[in-house]
Every structure is written in structure tokens, then in C-alpha cells.
Amino acid sequence: MGKDIHKTRILALLCFFVFLCLPWQQGSAQQKETGAQALRASGAIQELIRSLSLVVSQKAAAMAFDYRDRPVIGVVVADFVGPAGEEVELGHLIGYELRAFLSRSNPFHVYGKDHPVSQSLKADLAADPKWSAASQRAFQQNLWRKFKPFPVDVIIIGRVGPEAGNRIKVEADLIPFYNPITLVESESGRVGVVQERIVSSPLSPEEVGRALAAIQTPTKPKGRLVVLSSMKIKRYKYPITAGTGNPGTGLLEDAGQYLPLADFNCWLNERELTVIKDWKDLKRKDYYNLLSGFEADTFWFDDWVEEGRHLLFFSLAENLSKKKYRTFSETFTVKGGTTNYIYFFLLTDPSGEPQIRIRQVVDPENRPLPF
């Protein structure tokens, strides 16, 4: 028995070091995230970020890697903030580079900045910049309720600030999330949090000022967004491939079944959507006309959102008992002063392979009905 335990420990260590030595691969975090290139980083700042990335990757792997339970570590990286919790140029750059660095390392699955889990963390940190242990526990419980398909093992947050001698200090917190946060921890403080502190070499006063400059977020115009769907499953007559676009109606047939709402979750950015059942802000006649015009049967969202890019994320339970989920995502753009309709439905092929198909209709005239 003792020999078996010894062998198991040796195997775990070997797996851990093999993971660290394997070639980098492009992960999911950077596929849809554009770079925070507003700050032109000098050699000293680049070296600071490289050192931080290396230390964080090693510490995160040592903290959470388990070759049986966690061979892949789910990581969320928040953009680092300034001393008062404000968004700063260097903080955005560090967040971007850390996500890129960890995404290329095999033990990690990094959630992109636009992913609903990351957006939810951003909103939580904005509400409590110090992110107390009580807030962490509430966030973890919310994760388990809303984001069941997306396991989070480590969350990385941090701060940047000035240091004597025209230098910049970076403090990073690696917070374990793979075990339940107890009520005692939420009251007395978390255990197991790893903190790292790195200081840059001397910089020019101008460079320090640029790095710690607060990011000004301009007020954006808003457009109306309506999200609706058909929960009746459609079947495509041919196999679905990566190049299959939205098929014509002549190639679709009724699958004869509806997608159970209990098996399906939908998010708009960080917000989990639920079926709208109260129509006090929408005339009942318009409601029925919209559903009829789009051949839809379910309303999810009707409100004004900021101009720009948005993300719809879907989770489909394939086997609830085994916690198996299929996920889909789609980005779209809303222009201020317009009405935007997003219609989606579930499509399968003869083999049963599911896909979510989305259609966007933009009405610049903001008519009651776009038809």
C-alpha cells in the first residue's frame, strides 16, 4: 500500500513537470479577445510582465494541478486595477498578457475576457473592489448555480501602483476555487491564497504616468436589443460541418420535439437570461406578431444595450447525471439608435449533432415590427 502511494505521488509530480515543459498551444482565451495595445510597453515593463507571467503560471499549476481530479485547470484572470480599484492602462495590458501566456500552457484552460464567467467576475469586483472572503463565497455559489458547465479552479486578480524610485509594483492574488469556500472562511478570511509581489526596474516619470493612467470610458449610445428563439428542434437533412452556414428552409425539417428549458441556459455577456413572461412593457399584439414573424415561440430579452460588440453564450446539457454539457457562443454588434433582433434555434443533423443557429435583423428605423 505504501509503495502504491509513493508511486502515485511520483507519477503526479512527473505529470506536473511534463505539463510545464510541453510546448505552448493556443488556448481559447485569446481567440476573440483583442489586445490592450493602448500602452506602448518599454523593455522594463515587458520584462515585468514576463516575470509575473512565469511566476503566476508556476504557482497556479502547483496550487491546483491534480493528474486525476484536475488535469486541466480552469482559470479566470481579471484585468489588474489601480490603487483605488480603477481601471488603468497597465492593468489591462497585464490581464491581456497573462491570459495569453496561460492559454499557451497545456495545464490551463483560460476563460476569455468576453466569456460570461469573466464578465460576471468583473461585475463582482466592481461591486466590491477588495473582494472580501464573503464576496468570494457568494461568487462561488453563483458560479455553481449559473455556470455549471464552466469549472473554475483558480481566479487571478491583482493591483498595480507606484513604488519609490520611479518604479511600479504589481501584486497578484491567486485564489483557489476548486473547493467549496466555507462559512468560517467567509467570516475570518480565505486560506490557501497565494500572493506574489514584483517591482519593476526604474522607469521615466512619463512612463509611470502613462502606465498608471486611468482608462476613460466614454458614454456610448444605446440600441434596442430583442432576443427570441424557437425551442422546437429543427433537423438538417445533411451532416453539419464547420463550413455549414444557415441552411435554407427547404433543407430543414421538423424534428418533432422541443428543447426542454431545464436542459438549456443562455447568457448575454455576464447576464443569465430567463424566459420573459411579463409583457407589461410590450404590447401583446406586437409580442405575438414578432413571434409569428420570426417563427419563434420564446422571448428572452427586450431592453436597451450599449453600442458595440456583445456575446451570446449557450449551454446545452447532454447528460445531467454525468455533468456533460455542449457550449456554443456567438458575437454580434449593436449600433446605437437602431433596433436589433436576434433569433436563434437548435439544429441537428441525421447523426444528432447539435448546433445553435443565429439570425440578426437590424432595423435602423425602429419600427414596431421589422417586417
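Here the simple spin-label model places points 7 Å from the Cα toward Cβ, and for Thr348 and Arg70 these points are separated by 3.6 nm. Protection proxy ranking of 328-338, 170-180, 102-112, by the mean of other Cβ atoms within 10 Å over each peptide's residues and highest first, is 102-112, 170-180, 328-338.
Relative to one another, the C-alpha centroids of region 141-202 and region 82-104 are positioned 13 Å apart. With 30 Å as the limit, the listed pairs Lys222/Lys285; Lys59/Lys113; Lys146/Lys277; Lys220/Lys285; Lys220/Lys324 have Lys220/Lys285; Lys220/Lys324 beyond it between alpha carbons. Taking label positions 7 Å along the Cα-Cβ direction at both Lys220 and Ser135, the computed distance is 2.3 nm, reported to one decimal. Report note on the peptides 150-160, 45-55: ranked by the mean count of other C-beta atoms within 10 Å, highest first, their order is 150-160, 45-55.
Computed from the C-alpha gyration tensor, the three semi-axes of the ellipsoid equivalent to region 27-211 are 27, 18, 15 Å, from longest to shortest. If R0 equals 51 Å, the separation of the Cβ atoms of Ser42 and Lys283 corresponds to a calculated FRET efficiency of about 0.30.
Working value for region 83-152: equivalent-ellipsoid semi-axes of 20, 19, 9 Å, each the square root of 5 times a Cα gyration tensor eigenvalue, largest first. Using a simple spin-label model with pseudo-atoms 7 Å out from Cα toward Cβ, Ile233 and Asp303 lie 3.1 nm apart.
Bear in mind that the values in this text are calculations on the coordinates, not laboratory data. A quick note: this is a predicted structure, and the numbers were derived from the prediction, not measured. Methodologically, a virtual Cβ is constructed for each residue, glycine included, from the backbone with ideal geometry; neighbour enumeration extends over all protein chains shown.
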